[in-house]
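As structure tokens, the structure follows; a few thoughts come after it.
The values are calculated or read from the model by the stated rules, or taken from the named source; none is laboratory data. No experiment lies behind these values; they were computed from the predicted model shown. Note that we place each Cβ from the backbone using ideal geometry, even for glycine, and neighbour counts take in every protein chain shown. Note: accessible area is taken over every heavy atom of the protein model, side chains too, but ligands, DNA and RNA are not part of it. Shrake-Rupley method; radii C 1.70, N 1.55, O 1.52, S 1.80 Å.
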Amino acid sequence: MDSSGSTMLADVDQNERYWDEYAQGYHMGHAVNLPTDRATWSVFGLLESELGALGPVEGRDVLELGCGGAQFAISLARAGARCTGVDLSREQLALAARLLAEAEAEEGAGLDVQLVQADVARTGLADASFDVAFSDYGASMFADPLLWVPEAARVLRPGGRLAFSTISPLLETCWPSDQSPVDGRLVRDYFGMHRIEGRAVYFNLPYGDWVRLFRRSGFDIVDMLETRPPEGVETTAYRSANQVAWARRWPAETIWVLDRR
């Protein structure tokens, strides 16, 4: 195995350990931002019913890549989707199973949600088996896009939709590595952006690299949503007042919307 393959496996192992250790604390601290009764995107809790990034989901086969507690997938199953959630972390999937049981008790009926423990870059799922795939700061942040985007293309049917959120490349270049307040200065390199290491390993790409990756993976770009905090929101469980104020002036995150050719 070459050094890049060894690094990839080490990254997967590091992120699996991180989420196994952090899963319970994360969901306790962010539960208000992770409902199962409505589909929401991003660190600002934006409604899918208003964004429409996924398109119709009722009666469709939907895959969440890096599902965590599967709150998003559960909310779509409540809207009639047949959902599969894939995640590395056993602890995340155990939480997802509990949240699914709670949602089914509230509904008084079963919900069509399957949970799979796997690397999102090698899901083991069948070719062309889904109509919609998506990730909200799951695979789209914690897995190498050079690997998981082609995998998403493989499991999507022709005409299928991929939508996912990321920290914007612009915010990446302005966010100090020491987590001091973010401002309008460029403090990190833009060119060469890819693997970013901390307690977990996460990933991002320059805009042009994203576009070229989509094209060679067989996707057409439908939209790129540059989100903003809703009026009246000053902080969230994910963002400080400083970071929310920054996001009112510049795009802090993007939601890519793609269709499989």
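Taking each residue of segment 129-152 that is in contact (Cβ under 8 Å) with a residue 12 or more places away in the chain and looking for partners that are in a helix (DSSP H, G or I) and open to solvent by 40 Å² or more (accessible area, probe 1.4 Å) with beta-carbon atoms closer than 7 Å, six or more apart or interchain, yields Asp144/Met8.
Looking at segment 148-175 only, could you name the residues that are under 28 Å from His30 (Cα atoms) and open to solvent by 20 Å² or more (accessible area, probe 1.4 Å)? So that I can check it myself, show each step before the final result.
At the first step, the residues of segment 148-175 found to be under 28 Å from His30 (Cα atoms) are 148-149, 152, 161-175.
Those that are under 28 Å from His30 (Cα atoms) and open to solvent by 20 Å² or more (accessible area, probe 1.4 Å): Arg161, Leu170, Trp175.
For segment 9-17, indicate whether the set of residues that are closer than 15 Å to Ser135 by Cα, open to solvent by less than 20 Å² (accessible area, probe 1.4 Å) and either assigned to a loop (DSSP other than H, G, I, E, B) or in contact with a Phe, Trp or Tyr (Cβ under 8 Å, 6 or more places away or on another chain) (or both) is non-empty.
Taking segment 9-17 as the starting set, the residues that turn out to be closer than 15 Å to Ser135 by Cα are none.
No; the residues of segment 9-17 include none that is closer than 15 Å to Ser135 by Cα, open to solvent by less than 20 Å² (accessible area, probe 1.4 Å) and either assigned to a loop (DSSP other than H, G, I, E, B) or in contact with a Phe, Trp or Tyr (Cβ under 8 Å, 6 or more places away or on another chain) (or both).
Scanning segment 41-52 for residues that are buried (at least 20 other Cβ atoms within 10 Å of the Cβ) and within 19 Å of Ala133 (Cα to Cα) returns Trp41, Ser42, Leu46, Glu48.
Criterion applied to Arg185, Arg199, Arg239 was being surrounded by 15 or more Cβ atoms within 10 Å (Cβ to Cβ), of a type in the set (Lys, Arg) and over 27 Å from Val57 (Cβ atoms), and the one residue passing it is Arg239. Checked against (1) closer than 15 Å to Phe142 by Cα; (2) in contact (Cβ under 8 Å) with a residue 60 or more places away in the chain, Val43 passes all but a single condition, namely (1).
Does segment 217-236 hold any residues that are buried (at least 18 other Cβ atoms within 10 Å of the Cβ) and of a type in the set (Val, Ile, Thr), and which are they? Hits for segment 217-236 are Thr227, Thr236.
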